[in-house]
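Visitor: I am attaching a structure below and will ask some questions about it afterwards.
Throughout, read-outs are computed from the coordinates displayed, never taken from laboratory work. Every value quoted in this text rests on a predicted model; they were computed, and no experiment measured them. Glycine gets a Cβ as well: all are built from the backbone with ideal geometry, and neighbour counts include every protein chain shown.
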Amino acid sequence: MLYVNTEVDVLEQAIVKMLKANQPVWFGCDVGKASNTALGIMDADLFDYEGTFGIKLGMTKAERLQTFTSVSTHAMVIVGAHVDEKTGKPVRYRVENSWSADAGTKGYFVMTSDWFREYAYQVVCAKKLAPPELVKILESTEPVILPPYDPMGALA
């Protein structure tokens with residue numbers, strides 16, 4: 001699998017474009033973080049660890065990847081999004097999971113944009129719907145082979 005790194009805003013706009021074209025969006029994430037399987041909720045603010053324990057948590061997404069505190073552990077499909085009318089940015093997503101109809105609401109989860117920004121690591125976008133500048137990078141750059149222990153290769 002070939003990857004092109006980009007900003008999360010670009011990923012979210014690609015997701016919206018795919019959904020508007022009636023295409024589901026495969027993504028890899030760390031599903032075990034800030035989620036409730038029974039309720040089908042993935043929300044970065046689901047638990048208030050800082051308020052509960054009186055501590056300040058401060059690792060960035062990059063630091064969590066570098067220390068293997070968070071890695072891509074599961075793949076799911078985004079099938080819908082609530083997009084803010086004023087900003088055009090996604091607020092939350094409808095996610096279809098593979099854990100059967102017993103998980104979430106008949107197999108579907110609600111994922112906030114904040115959760116996506118913190119715990120999603122990979123998105124697959126059709127070339128014809130991807131930003132042209134990313135397609136150009138993909139097609140004109142020699143791939144870098146990641147070592148087997150690299151956190152971005154977990155779902156490859």
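Visitor: Check ASN5, ASN36 and return the single one that is over 27 Å from ILE145 (Cβ atoms) and of a type in the set (S, T, N, Q).
Guide: ASN36
Visitor: Would you check which residues across the range 69-96 are part of a loop (DSSP other than H, G, I, E, B) and touching a Phe, Trp or Tyr at 6+ places or on another chain (Cβ under 9 Å) and list them?
Guide: SER70, VAL71, SER72
Visitor: So, of the residues in the range 67-97 that are in contact (Cβ under 8 Å) with a residue 24 or more places away in the chain and within 28 Å of PRO147 (Cβ to Cβ), which turns out to be surrounded by the fewest Cβ atoms within 10 Å (Cβ to Cβ)?
Guide: In this case the residue turns out to be PHE68.
Visitor: State which residue pairs qualify: first residue farther than 16 Å from ASP114 by Cα and inside the range 7-20, second residue in a helix (DSSP H, G or I) in any location, beta carbons under 6 Å apart, and separation of 6 or more residues or different chains.
Guide: LYS17/LEU129; MET18/LEU129
Visitor: Can I ask one more? Are any residues in the range 13-51 part of a strand (DSSP E or B) and not β-branched (Val, Ile, Thr), and if so, which ones?
Guide: Within the range 13-51, TRP26, PHE27, GLY28, CYS29, SER35, ASN36, MET42 meet the criteria.
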